[in-house]
Amino acid sequence: MQKQMEKSCTLLVHFDKGASSLANEIKEALEGNDVPLKVDALKKAIMLLLNGETIPQLFITIIRYVLPSEDHTIQKLLLLYLEIIDKTDARGKVLPEMILICQNLRNNLQHPNEYIRGVTLRFLCRLNEVEIIEPLIPSIVENLEHRHPFVRRNAILAVMSLYRLPDGQNLLDQAPEIIEKVLSTEQDHSSKRNAFLMLFNCSQERAVNYLFTHIDRINDWGEQLQMVVLELIRKVCRSNKAEKGKYIKIIISLLNAPSTAVIYECASTLVSLSSAPTAIRAAASTYSQLLLSQSDNNVKLIVLDRLNELKSSHREIMVELVMDVLRALSSPNLDIRRKTLDIALELITPRNVDEVVLMLKKEVVKTQSGELEKNGEYRQMLVQAIHTCAIKFPEVASTVVHLLMDFLGDSNVASAMDVVVFVREIIETNPKLRVSIITRLLDTFYQIRAARVCSCALWIIGEYCLSLSEVESGISTINQCLGDLPFYTAAAEEGEGQDASKSSQPVNVAATSSRRPAILADGTYATQSAALETAMSPPTLVQGSLTSVGNLRSLILSGDFFLGAVVACTLTKLVLRLEEVQPSKVEVNKATTQALLIMASMLQLGQSPVLPHPIDNDSHDRVILCIRLLCNTGDEIRKIWLQSCRESFVKMLAEKQLQETEEIKAKAQISHAQPDDLIDFYHLKSRKGMSQLELEDEVQDDLKRATGEFTKDGDDANKLNRILQLTGFSDPVYAEAYVTVHHYDIVLDVTVINRTKDTLQNLCLELATMGDLKLVERPQNYTLAPESSKQIKANIKVSSTETGVIFGNIVYETSSNVLERTVVVLNDIHIDIMDYISPAYCADAAFRTMWAEFEWENKVAINTVIQGEKEFLNHIIKSTNMKCLTPPSALEGECGFLAANLYAKSVFGEDALVNVSVEKQVDGKLSGYIRIRSKTQGIALSLGDKITLKQKGAA
């Protein structure tokens, strides 16, 4: 028994269900003589039919009153109506009343107006009923020679659709010959394209012959025809790889076409067909030209994606074009700039690094203009790019480090932070630059306005000021930026009832003698007694001396005591080093006393009621430690402060370098072939009559065969793991599914086996989904013979990273009892979140920023039988398919506590952040929490469920 397939849809129209139309009203309007009313009624009828209504009584009315109309709009709507009505009965036979429209269609095909002829021919392209089309074949063929190109191009498409019908070759067996003659004489580009498309689909040999016969004029063909030629070349080369060389020459000649769409397709086709250096170089050069010539940002992003793919497979060729790629930085779009820099940074070699860095320096200078809003963000990207270049090639650091240090005082804190981290790394890895960097840093230190940048810069000053002059300059710079002491003092008040805002106004005081000048609120000077101040005034912040307020002073007065602790540590290191390089004990004692005074003032400020928040315990303890150290130094402590800090930093840099090297090695060790695989020596065959390009292409193909790149990487064992049993072995219908997940698509390949002796009719696989999953097509009915099987495919679209469930049943009727439908319920298919996320890397700063920004958090309590902290962490990493960002050195040792950050990225571009905090209890069990954060709720919940499930099952 053959069941009619679901009806195809060729027309979609928006329908407002609120505006209901009655069949009687439509019928009355169609019977009238008012043309606008007829048009409106036909539109309503079409929309009702499209939405599942059947209005059989309208057909005869339309034949009587609408068919004879000469109005073009009515004729067009009539064809749309005829397109969507059912033209066959339940058995698939054409309805007898359809014969009534054949004569009208023949008249339309011979109509003097070319529009009527054209739209009728277009309608015939969508007809599948041979009984209606067969009488019209002579009229269709006649229209191939019509004077107007609109009629000719639609006539060619009508011939193609007729020839592709199941019985089409018997209806018009000479169609390819007729179209080939039309193609040789046709002048209209669109008609030529349609004719060539017909030969391409129906007689490929004739299309290839025509292509090589007119190969000299291929550049003069229109854009549409050239695109079909490229499609033909791709199809032919896939089926016949031996003739690839002569087609590649055609593609390279089309790279000079005026159409950018053709050029882009040429480049894509070249890359997909050939690995010859000449071909890849031509494609890469074409992409680079498109990148610069196109103004549309979307086009630029697509071209950059293609260049990125080329970089992965043909890096040595892309290296030559790195400067052309960098010219895309002229675009103001940040996404384009980011992608451009990412590509360029992986193409840097010792030969081009100087040019690349020079270009990046020019771009950094341009960002100072301040014309664009996102200059700060762009500058940060450039600083990171230059940092990467300087780490890979230390010799370029000297050319950029001084320029970048001008941006230490940048208003964009992230950009300034990148600069100071870059300086910190360069000063260690390039000892020759140490003196010049320290001198420049001390000169520009007062410009720094961000506390984090100040902290890092102070650490550099404390570690790398080595000579006497540098140490003294460092102490002097810090003292100047802190301003005069104390940080707060008392100010005179006129009375107890004075307004609180006035009493808290800052009064600048120079703390040197008992009688000293002070600047009053109105800017005038006054001299007042220190004793009077102390007796009569509450404490008030002092913003500095008569000169401008130092950056360190203003930050500390705002309550940043962490920075205060960093200042104390830096001064301690400088004083300890001064003891080593300064022969004069008096000078050393002066510096020590000044440092102690500064630290005592900080503690005094931190414990005063002037600030809203007192000093935190950590900073307080740190400053106290520095005071004790300066009062009583020993050799061991001196060694810790002056050597161990630096050694730790050097170790950190070495680990970072080692990690990057290991990642590069791991990528390089991916094997495409086994050592004992057979190799065919294609190089021994004759090369006569082959061009250089064809020769290169052959060689590259041979190399790919030798390295196993042509072999499929499908793993049979992995396939077996993905087969899911949907029904039981005792069910009358057995079903199992092979699930393939590919980014946005899930394909279920379901095998259904009839275990009974009966024929199963109208068997239907009904599926439903839960979560962000959508079924693409509606189920179809099948007939299954006794003990036979059927492969049914179901496509499902995925829109976000979330655990989804597919459930359903198989419904069928038996031949013995057609009225009773049997239902077999299927096992649920759980779509695993692990199919969508992959390990990824991000910098610590970026991780912390995202952690602060993301609003969805899922907190999972640790409940496991695993005893070791590291073993548990490794189990979580393996179970969640994430990357551990915490370096191995930070996880070394046994302290009964472990904290680590994990990161992964989904195929939809979503970020998944995980923090694992584990503590070992007295009884040996692990406790703590795993926190998951993400931008969307789905990924946080799904990852949490996965972790909860996996941690319990661990052994």
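Quick notes on this one:
- Neighbours by Cβ (under 6 Å, 6+ apart or cross-chain): first from the range 173-192, over 16 Å from Gly222 (Cβ atoms) and in the same structural domain as Phe150 (by the TED database); second open to solvent by less than 90 Å² (accessible area, probe 1.4 Å) and not in a helix (DSSP H, G or I): Pro176/Ser203
- Residues that are β-branched (Val, Ile, Thr), open to solvent by 50 Å² or more (accessible area, probe 1.4 Å) and closer than 27 Å to Glu660 by Cβ within the range 835-866 comprise just one, Thr849.
- When Ile280, Ile250 are checked against the criterion of being under 17 Å from Leu304 (Cα atoms), of a type outside the set (Gly, Ala, Ser) and at pLDDT 80 or above, Ile280 stands alone in meeting it.
- Cβ pairs under 8 Å, 6+ apart, first in the range 64-76 and assigned by the TED database to the domain that holds Leu100 and more than 14 Å from Glu31 (Cβ to Cβ), second open to solvent by 20 Å² or more (accessible area, probe 1.4 Å) and assigned to a loop (DSSP other than H, G, I, E, B): His72/Asn113; Gln75/Ser69
- Qualifying residue in the range 400-415 (condition: within 26 Å of the chain's Cα centre (by Cα), surrounded by fewer than 16 Cβ atoms within 10 Å (Cβ to Cβ) and of a type in the set (D, E, K, R)): no
- Looking across the range 591-626 at every residue that is assigned to a helix (DSSP H, G or I) and touching a Ser or Thr at 6+ places or on another chain (Cβ under 9 Å), the one that is most open to solvent (accessible area, probe 1.4 Å) is identified as Leu625.
- Selected residue (criterion: surrounded by the fewest Cβ atoms within 10 Å (Cβ to Cβ)) from residues of the range 867-900 that are in contact with a helix residue (DSSP H, G or I) (Cβ under 6 Å, 6 or more places away or on another chain) and of a type outside the set (A, V, I, L, M): Ser889
- Of Thr880, Thr936, Thr948, all but one fail to be within 27 Å of Glu662 (Cβ to Cβ) and not basic (Lys, Arg); the exception is Thr880.
- On inspection, Leu891 passes the criterion of being hydrophobic (A, V, I, L, M, F, W, C), more than 21 Å from the chain's Cα centre (by Cα) and modelled with pLDDT under 85.
- First in the range 363-391 and open to solvent by 50 Å² or more (accessible area, probe 1.4 Å), second anywhere and at pLDDT 75 or above and among the charged types (D, E, K, R), Cβ under 6 Å, 6 or more apart: Gln384/Asp418
- Restricting the first member to the range 722-738 and to residues that are free of Cβ contacts under 8 Å to residues at least 12 places away in the same chain, and the second to residues that are of a type in the set (S, T, N, Q), no beta-carbon pair is closer than 7 Å while six or more apart or on different chains.
- Members of the range 158-183 found to be touching a Gly at 6+ places or on another chain (Cβ under 8 Å) and at pLDDT below 80, listed by number: none
- Residues (more than 22 Å from Ser730 (Cβ to Cβ) and of a type in the set (Ser, Thr, Tyr)) located in the range 750-781: Thr769
- Every condition in (1) outside any helix (DSSP H, G or I); (2) at pLDDT 80 or above is met by Gly409 except one, and the failing one is (2).
- Residue match in the range 757-765 (condition: outside any strand (DSSP E or B), closer than 30 Å to Val413 by Cβ and open to solvent by less than 60 Å² (accessible area, probe 1.4 Å)): no
- Within the span defined as the range 261-270, one or more residues are open to solvent by 10 Å² or more (accessible area, probe 1.4 Å) and closer than 22 Å to Leu329 by Cβ.
- Residue pairs whose Cβ atoms lie under 9 Å apart, separated by 6 or more positions or on different chains, with the first residue in the range 81-105 and surrounded by fewer than 17 Cβ atoms within 10 Å (Cβ to Cβ) and the second of a type in the set (Asp, Glu) and in a helix (DSSP H, G or I), are Lys93/Glu131; Val94/Glu131; Ile99/Glu131; Cys102/Glu131.
- Test for Ala904: is it open to solvent by 40 Å² or more (accessible area, probe 1.4 Å), small (Gly, Ala, Ser) and not in a helix (DSSP H, G or I): no
- Among (1) buried (at least 16 other Cβ atoms within 10 Å of the Cβ); (2) assigned to a strand (DSSP E or B) - the single one Ser917 does not satisfy: (1)
- Check on Glu910, open to solvent by 10 Å² or more (accessible area, probe 1.4 Å), closer than 15 Å to Leu873 by Cα and not assigned by the TED database to the domain that holds Val798: no
- For the range 87-111, the set of residues classified as assigned to a loop (DSSP other than H, G, I, E, B) and of a type outside the set (Gly, Ala, Ser) consists of Lys87, Asp89, Arg91, Lys93, Leu95, Gln110, His111, listed by residue number.
Rundown of residues vs (1) more than 24 Å from His146 (Cβ to Cβ); (2) under 47 Å from the mean Cα position of the chain (by Cα), yes/no style:
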| position | (1), (2) |
| --- | --- |
| Leu77 | no, yes |
| Leu80 | no, yes |
| Lys87 | yes, no |
| Leu95 | yes, no |
| Asn104 | no, no |
| Gln110 | no, no |
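- Exclusive hit being more than 28 Å from the chain's Cα centre (by Cα), of a type in the set (Ser, Thr, Tyr) and closer than 15 Å to Ile930 by Cβ, set Thr864, Thr822: Thr864
- Matching residues in the range 245-261 - criterion: being closer than 20 Å to Ala276 by Cβ and assigned to a helix (DSSP H, G or I): Gly245, Lys246, Tyr247, Ile248, Lys249, Ile250, Ile251, Ile252, Ser253, Leu254
The values are calculated or read from the model by the stated rules, or taken from the named source; none is laboratory data. The structure presented is a predicted model; accordingly, all values stated were derived computationally and were not measured. Don't worry about glycine lacking a Cβ; one is built from the backbone with ideal geometry, like all the others, and counts go over all protein chains shown. Calculation scope for accessible area: heavy atoms of the full protein, side chains included, ligands and nucleic acids excluded. Shrake-Rupley method; radii C 1.70, N 1.55, O 1.52, S 1.80 Å.
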